[in-house]
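Asker: Structure in structure tokens, see below.
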Amino acid sequence: MKKIGIIGPNSENCPVELYNYGIELGYKISSPERYFICGGLGGFMEAVCKGIKSSPNTFKGQTIGILPGEKSEDANPFIDIAIPTGMGINRNIIIIRASDIIIAAGGGAGTLSEIAFAWQLNKNVLCLTKFDGWAKKLAGTALDNRKNSLLIPVEDIEDILHYI
């Protein structure tokens, strides 16, 4: 089973267009062979999980939320397994470490930290270039001279499906 990380803007910073795209993305990438790991809250994370759970390919336990707070109830309604960490933003490293490959869209400082963790852990990040944010800015670049080709630019859902 492949574990796919989902990173992007929270509720306050997720434009409607990106949210709606996230629903479509989740619907199309849902598969009985894939688990999805995210921060478990709103915005892009919620949208992708909503799409996954509306797909005929979904199953119980497929969406996993690594929450920053201490309450499972804080998870968005499309999370099957909520893991409250009480770690705040430190939970970002857990999301990345637990994922085999990461899909990034838009994003501010939290997404930037997750991309940096993925880089340091030698994990591929599929950086959606359709929306502004750190995913688009960093797509195809090298964060330092130790590695290259980890931040893969993707233009659409078909590109994402090719890599996952």
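Read the figures in this text as sums done on the coordinates, not as results from a lab. Everything quoted here is computed from the prediction, not taken from an experiment. When we count neighbours, we look across all protein chains shown, and the Cβ atoms used for this are built from the backbone with ideal geometry, even at glycine.
Asker: Could you work out the local net charge near P9, counting Lys and Arg as +1, Asp and Glu as -1, over the other residues with Cβ closer than 14 Å to its Cβ?
Answerer: Values: positive: K130, K136, K137; negative: E12, E17, E46, E114, D132.
Residues close to P9 contribute a combined charge of -2.
Asker: Hey, got the dipole for segment 36-161? About the Cα centre, +1 on K and R Cβ, -1 on D and E Cβ, debye to the nearest 20?
Answerer: Numbers: 12 positive and 13 negative charges, 48 e Å.
The calculation lands at about 240 debye.
Asker: Here's another thing I want to ask about it. How far apart, in nm, are the 7 Å Cα→Cβ label points at D100 and K60?
Answerer: 2.4
Asker: Rank the residues T58, T141, T111, T85 as a footprinting-exposure proxy: fewest other Cβ atoms within 10 Å of their Cβ go first.
Answerer: Working: T58 21, T141 11, T111 27, T85 14.
Going from sparsest to densest Cβ surroundings: T141, T85, T58, T111.
Asker: In terms of Cα to Cα distance under 16 Å, which aspartates and glutamates are near enough to K71, apart from those fewer than 8 places away along the same chain?
Answerer: Within reach: D80.
Asker: A follow-up question, please. Kindly provide the GluC sites (Glu not before Pro) of segment 34-121 that DSSP labels as loop, not H, G, I, E or B, and whose Cβ sees at most 15 other Cβ atoms within 10 Å.
Answerer: Details: sites: E46, E70, E73, E114; in loops: E70.
Sites meeting the loop and neighbour criteria: E70.
Asker: Indicate the gyration tensor shape class of the chain (rounded, prolate or oblate), computed on the Cα atoms with a ≥ b ≥ c the square roots of the eigenvalues: a/c under 1.5 is rounded; otherwise a/b larger than b/c is prolate and the rest oblate.
Answerer: Details: a/c = 1.45, a/b = 1.21, b/c = 1.20.
Since a/c stays below 1.5, the shape of the chain is classed as rounded.
Asker: For K3, list the aspartates and glutamates whose Cα falls under 12 Å from its own Cα; do not include residues on the same chain fewer than 8 positions away.
Answerer: E33, D100
Asker: Of L121, G110, I164, which is farthest along the charge dipole of segment 110-164 in the positive direction, counting Lys and Arg as +1 and Asp and Glu as -1 at C-beta?
Answerer: Final value for the positive-end residue is L121.
Asker: Packing-wise, with mean Cβ within 10 Å as the measure, how do 146-152, 6-12, 90-96, 132-138 rank, highest first? If you can, show how the numbers build up before the last one.
Answerer: Details: 146-152: 14.6, 6-12: 22.3, 90-96: 19.1, 132-138: 20.7.
Ranking the peptides 146-152, 6-12, 90-96, 132-138 by packing returns 6-12, 132-138, 90-96, 146-152.
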